[in-house]
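Asker: Pasting a structure below so you can have a look.
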Amino acid sequence: MLELRNLCKSYETHGKPRPVLRNVNATFWKGDAVGILGRNGAGKSTLIRVLAGIEPPTSGEIIRGMSMSWPLGFGGAVHGSITGADNARFIARIYGKPAGWVESFVEEFAELGEYFRMPVKTYSSGMHSRLAFGLSMAIDFDCYLVDEIVAVGDARFTERCRVALEERRKRSTLLMVSHQPSLMRAFCTTAAILNEGRLTFHEDLDQALAIYEAL
Amino acid sequence: MDGYPPASSVPQLPDGSGPPPLASVSIGRPGPGARLLAGLRIQLIVIGAVMMREIHTRFGRHHMGYLWLFFEPMILGGCIAGVHALTGHGLPGGLDIASFYIVGYTPYYLFRSIINRSASALHANAPLFYHRQVTFLDIMIARNLLDGASVMIALLIMLGGLGAFTNHWPYDLVWMAFGITLIMLFCHGLALLIVSGTVYGTETVERLVHPFTYLTIPLTGAFYMVEWFSSEVQELFLLIPTVHMFEIIREGQFGPVVQYHYDLGYVAAWVMALNLLGMLALRAAKSRIEFN
């Protein structure tokens, strides 16, 4: 279970606090697949980063009863000056997994060919996100935080991500932020809308999408 | 349709059970004592992993940068030794000139490298902070430890080479390593303060830090001995903590042939105070440091 209690986050701009998240309350359970909808700049990525523990909340509480992934995004967690294989071994070490196993898993999953042993900065954006997604799939988390990762892959890779996440759905929670209805339909069962710093939940995905479109 | 792969094409272990369990890093909520221990273990694992990664980025594939670690002190030591030899001047106490500058310059290189690169240390490692268990402090510790270790290894190789050619061998390597460790710890504390200062802008801090390291060249004590000055000047110089550390390093190289001046208590107080302040500053600045 993951619980958010009165979560607030604000940034300082021009000396004044600018609230991004205002009193967000939520509980997520094992097996949930929640899509968080929001316009550009609504605070979706901020929410994901606070949930992942990268940034502390300004006030409020996050009770993490499960292991949380890092935000799976456009490959922010991947280091550019070392190879894909080196990245895999690094991830393996800090998450306490056997380095050789993670390396071969990612190599097979990301299908990078000989690029796997070249510096990541030589990758195309599609290859970059394939590596990033492969890395995150190599570690078993209870809760996956997805920041529109699949948007840049091709159809074949998007399907592969969907299958991999689907398979994990039985034992994991999925929180995904996006402003693309098609991605929401592919991955999520329920949705929440983040608007003006407040998070409202909707049991029905289509209803949520309709409300979001009308915003 | 361009042939979507079937579900079974997702890589699996032969028995389909996912990764084999290893000594797992627990992220649950055990008791307070166990949590402290688990936290410490995670920190050690992370520091080790970051050091491995830093080794790849610095020494890996196309990066020859670290050859300068050998060249700079050797060129400086060689040139100054040459000038001294041509003009016929020796060092007071008849110390070997090349050894003197090598054991001065190489630890100074450590000082400069840690201080100069501290402001951008977090920025350069931004991707790592996507992982909750990687803290700012871990990165600083890993980088500075690696800096200390590589400078010690480089110095060892150079002193070995020098010994082979000139038969001037270090007197006490352990004591010299202790001196270098003091410099590393001192600079680590300072680096924590500098990186905390980047909340006021990384570029501003770098513009201040770089001239500072140049201006401190004559003040660090890397290239002179306290004994060479009058007692009033000595007193002033001994206010500077690094002066004591370089004296310790030289004592490790030359042994009891000249008079050294240092106060271990004074140095220890500086190192502890700087590290404590540095950690407090980093904690205060933590949420406001921009690393992206």
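The values are calculated or read from the model by the stated rules, or taken from the named source; none is laboratory data. Since this is a predicted model, take the numbers as computed values, not measurements. Glycine gets a Cβ as well: all are built from the backbone with ideal geometry, and neighbour counts include every protein chain shown. With ligands, DNA and RNA removed, areas are computed over all heavy atoms of the protein, side chains included. Shrake-Rupley method; radii C 1.70, N 1.55, O 1.52, S 1.80 Å.
Asker: Would you mind stating whether B:THR135 is closer than 23 Å to B:GLY278 by Cα, at pLDDT below 90, open to solvent by 40 Å² or more (accessible area, probe 1.4 Å) and within 14 Å of another protein chain (Cβ to nearest Cβ)?
Answerer: Yes: the conditions hold for B:THR135.
Asker: Sort out for me the strands (runs of 3 or more DSSP E) sitting completely within region A:9-73 that have 1 or more residues that are surrounded by fewer than 20 Cβ atoms within 10 Å (Cβ to Cβ) and either of a type outside the set (S, T, N, Q) or within 11 Å of chain B (Cβ to nearest Cβ) (or both).
Answerer: Here the list reads A:16-28, A:59-64.
Asker: Hey, could you check region A:119-137 for residues that are surrounded by fewer than 17 Cβ atoms within 10 Å (Cβ to Cβ) and more than 24 Å from B:ARG132 (Cα to Cα) and say which is nearest to the other protein chains (Cβ to nearest Cβ)?
Answerer: Of everything passing the filter in region A:119-137, A:THR122 is nearest to the other protein chains (Cβ to nearest Cβ).
Asker: Just one of (1) of a type in the set (A, V, I, L, M, F, W, C); (2) within 14 Å of chain B (Cβ to nearest Cβ); (3) in contact (Cβ under 8 Å) with a residue 12 or more places away in the chain; (4) open to solvent by 10 Å² or more (accessible area, probe 1.4 Å) trips up A:ALA155, so point out which.
Answerer: (3) is the only condition that A:ALA155 fails.
Asker: Applying the selection to region A:81-99, what residues are touching a Leu at 6+ places or on another chain (Cβ under 7 Å) and either facing chain B (nearest Cβ under 7 Å) or open to solvent by 10 Å² or more (accessible area, probe 1.4 Å) (or both)?
Answerer: A:GLY96, A:LYS97, A:PRO98
Asker: Hand me the list of helices (runs of 4 or more DSSP H) wholly inside region B:210-292 holding 2 or more residues that are touching a Pro at 6+ places or on another chain (Cβ under 6 Å) and touching a residue at least 60 places away in the same chain (Cβ under 8 Å). Lay out the reasoning, then the answer.
Answerer: Details: elements: B:231-237, B:241-254, B:264-285.
Filter on region B:210-292 gives B:241-254, B:264-285.
Asker: Tell me the residue from A:ALA77, A:ALA88 that is within 24 Å of B:LEU122 (Cβ to Cβ) and modelled with pLDDT of 90 or more, please.
Answerer: A:ALA88
One line per residue, one yes/no per condition, for (1) small (Gly, Ala, Ser); (2) surrounded by 16 or more Cβ atoms within 10 Å (Cβ to Cβ):
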site	(1), (2)
B:TYR109	no, yes
B:PHE129	no, yes
B:ALA142	yes, yes
B:LEU159	no, yes
B:LEU162	no, yes
B:ASN167	no, no
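This table checks each residue for (1) in contact with a helix residue (DSSP H, G or I) (Cβ under 7 Å, 6 or more places away or on another chain); (2) at negative phi; (3) modelled with pLDDT of 90 or more.
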position	(1), (2), (3)
A:ALA52	no, yes, no
A:GLU55	yes, yes, no
A:SER67	no, yes, no
A:ARG93	yes, yes, yes
A:ALA110	yes, yes, no
A:ARG117	yes, yes, yes
A:MET137	yes, yes, no
A:ASP142	no, yes, no
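Asker: Right, next: Given the conditions (1) open to solvent by less than 40 Å² (accessible area, probe 1.4 Å); (2) under 25 Å from B:LEU76 (Cα atoms), and given that B:GLN259 satisfies all but one, which numbered condition is not satisfied?
Answerer: The number of the failed condition is (1).
Asker: Does A:VAL102 fit the bill of being without any contact (Cβ under 8 Å) to a residue 60 or more places away in the chain, in contact with a Lys or Arg (Cβ under 8 Å, 6 or more places away or on another chain), within 11 Å of another protein chain (Cβ to nearest Cβ) and open to solvent by less than 10 Å² (accessible area, probe 1.4 Å)?
Answerer: Against the criterion (without any contact (Cβ under 8 Å) to a residue 60 or more places away in the chain, in contact with a Lys or Arg (Cβ under 8 Å, 6 or more places away or on another chain), within 11 Å of another protein chain (Cβ to nearest Cβ) and open to solvent by less than 10 Å² (accessible area, probe 1.4 Å)), A:VAL102 qualifies.
Asker: Continuing with this model, one more query. Looking only at region A:105-118, filter to residues that are within 7 Å of chain B (Cβ to nearest Cβ) and open to solvent by less than 30 Å² (accessible area, probe 1.4 Å); which one of those is farthest from A:CYS161 (Cα to Cα)?
Answerer: Filtering region A:105-118 down to residues within 7 Å of chain B (Cβ to nearest Cβ) leaves A:105, A:108-109.
Next cut, open to solvent by less than 30 Å² (accessible area, probe 1.4 Å) only: A:105, A:109.
Numbers: A:PHE105: 14, A:PHE109: 10 Å.
Taking the candidates together, the pick is A:PHE105.
Asker: I'm trying to understand the selection: among the residues of region B:110-132, which are without any contact (Cβ under 8 Å) to a residue 60 or more places away in the chain, more than 14 Å from every other protein chain (Cβ to nearest Cβ) and over 18 Å from B:ILE55 (Cα atoms)?
Answerer: Scanning region B:110-132 gives no hits.
Asker: To continue, here is another question. Can you tell me which residue is nearest to the chain's Cα centre (by Cα) among those in region B:178-229 that are open to solvent by 60 Å² or more (accessible area, probe 1.4 Å) and hydroxyl-bearing (Ser, Thr, Tyr)?
Answerer: Ranking the qualifying residues of region B:178-229, first place goes to B:TYR214.
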